[in-house]
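All remarks here apply to the structure that follows.
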Amino acid sequence: MRNRHCRDMICLKKFKLELIISNDREFVSFVYQCICHAIGCNVKELKLIFTTVLDGWYNLPQILLCANSVEDLKLKMCKLKLPRNYVKLSSLRKLFLTEVYMDDHMIKNLVGGCPLIEDLHFVSCEGFKGLELFGLTRLNEIKLIRNGKVERVDINALNVRLLEIFGPAASCKINLAFCKNLTSLTLYGASIRDQWFYNQISKLSP
């Protein structure tokens, strides 16, 4: 990769990188070069999987959050920080995050910077307490699994057809009354009262 120039590969369809996290400078530099190379080659599908023997996340280079060519992004065991120019993932359609750390400000800008998002999966992610999804007209599938510290999920997306929420915090408030086109709803481990069920489900009826 160090010897190959992007002019030799105008468009890179898929790129996957799976490594054990290290604080070594060479490791950080290598990962950064790989990501920059993939973005420079207009990668469409990008998968970055990090594992570690210690607690912690890999600090993802902020340049990735401005990669306009990426349509399918999968990240594992990394930390997202808001870039200086905000998130600009204008082509992103699928976003799968597993064990990713991001605060409320970051997640708000992340979903806001993906106007074409269709599939959204968060698994065992940390750092944020609320998730608000508004104005995402193409959003079709949402899966929230074991994001245990989330206190609020507010979804205003008319075209969502599949929604799965597994194991939120016991006090998590869920608002899905505006998901008028839901055809599949799964709630597992959620604390639901009769009044909530009546108010939410009755509004989903045609």
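Close contacts from the stretch 174-187, counting a first residue that is touching a residue at least 24 places away in the same chain (Cβ under 8 Å) and a second that is of a type in the set (Lys, Arg), with Cβ to Cβ under 7 Å and a gap of 6+ residues or different chains, come to Ala177/Lys203.
If you go through the stretch 28-62 and keep only what is under 24 Å from Gly127 (Cβ atoms) and within 16 Å of the chain's Cα centre (by Cα), you end up with Leu46, Lys47, Leu48, Ile49, Phe50, Trp57, Tyr58, Asn59, Leu60, Pro61, Gln62. Which one of the conditions (1) modelled with pLDDT under 95; (2) hydrophobic (A, V, I, L, M, F, W, C); (3) more than 24 Å from Phe30 (Cβ to Cβ) does Leu95 fail to meet, given that it meets all the rest? Failed condition: (1). Of all residues in the stretch 83-105, those satisfying the criterion of being assigned to a strand (DSSP E or B) and within 10 Å of the chain's Cα centre (by Cα) are Lys94, Leu95, Phe96, Leu97, Thr98. On inspection, Leu185 passes the criterion of being more than 16 Å from the chain's Cα centre (by Cα) and surrounded by 15 or more Cβ atoms within 10 Å (Cβ to Cβ). Would a scan of the stretch 144-152 turn up a residue that is touching a residue at least 24 places away in the same chain (Cβ under 8 Å) and closer than 15 Å to Lys180 by Cβ? No, because not a single residue in the stretch 144-152 is touching a residue at least 24 places away in the same chain (Cβ under 8 Å) and closer than 15 Å to Lys180 by Cβ.
Each residue in the stretch 97-141 was checked for being of a type in the set (S, T, N, Q) and over 17 Å from Ile155 (Cβ atoms), and 3 pass. Number of residues in the stretch 70-82 that are part of a loop (DSSP other than H, G, I, E, B) and without any contact (Cβ under 8 Å) to a residue 40 or more places away in the chain equals 5. Annotation note: of Lys149, Lys108, Lys180, the sole residue that is over 23 Å from Glu45 (Cβ atoms), under 13 Å from the mean Cα position of the chain (by Cα) and at pLDDT below 95 is Lys108. Listed by first and then second residue, the pairs with beta-carbon distance under 8 Å, at least 6 apart or on different chains, first residue in the stretch 100-117 and buried (at least 21 other Cβ atoms within 10 Å of the Cβ), second assigned to a helix (DSSP H, G or I), are Met102/Leu110; Leu110/Leu65; Ile117/Val111. Which condition does Lys129 not pass, out of (1) under 12 Å from the mean Cα position of the chain (by Cα); (2) farther than 21 Å from Cys66 by Cα, if it passes all the others? Of the numbered conditions (1) under 12 Å from the mean Cα position of the chain (by Cα); (2) farther than 21 Å from Cys66 by Cα, the odd one out for Lys129 is (1). The residues of the stretch 125-156 that are touching a Lys or Arg at 6+ places or on another chain (Cβ under 9 Å), closer than 17 Å to Arg93 by Cα and part of a loop (DSSP other than H, G, I, E, B), listed by number, are Arg138, Asn140.
The values are calculated or read from the model by the stated rules, or taken from the named source; none is laboratory data. What you are looking at is a predicted structure, and each value in this text was computed from that prediction instead of being measured. Cβ coordinates were reconstructed from backbone atoms using ideal geometry, including for glycine residues, and neighbour counts include every protein chain displayed.
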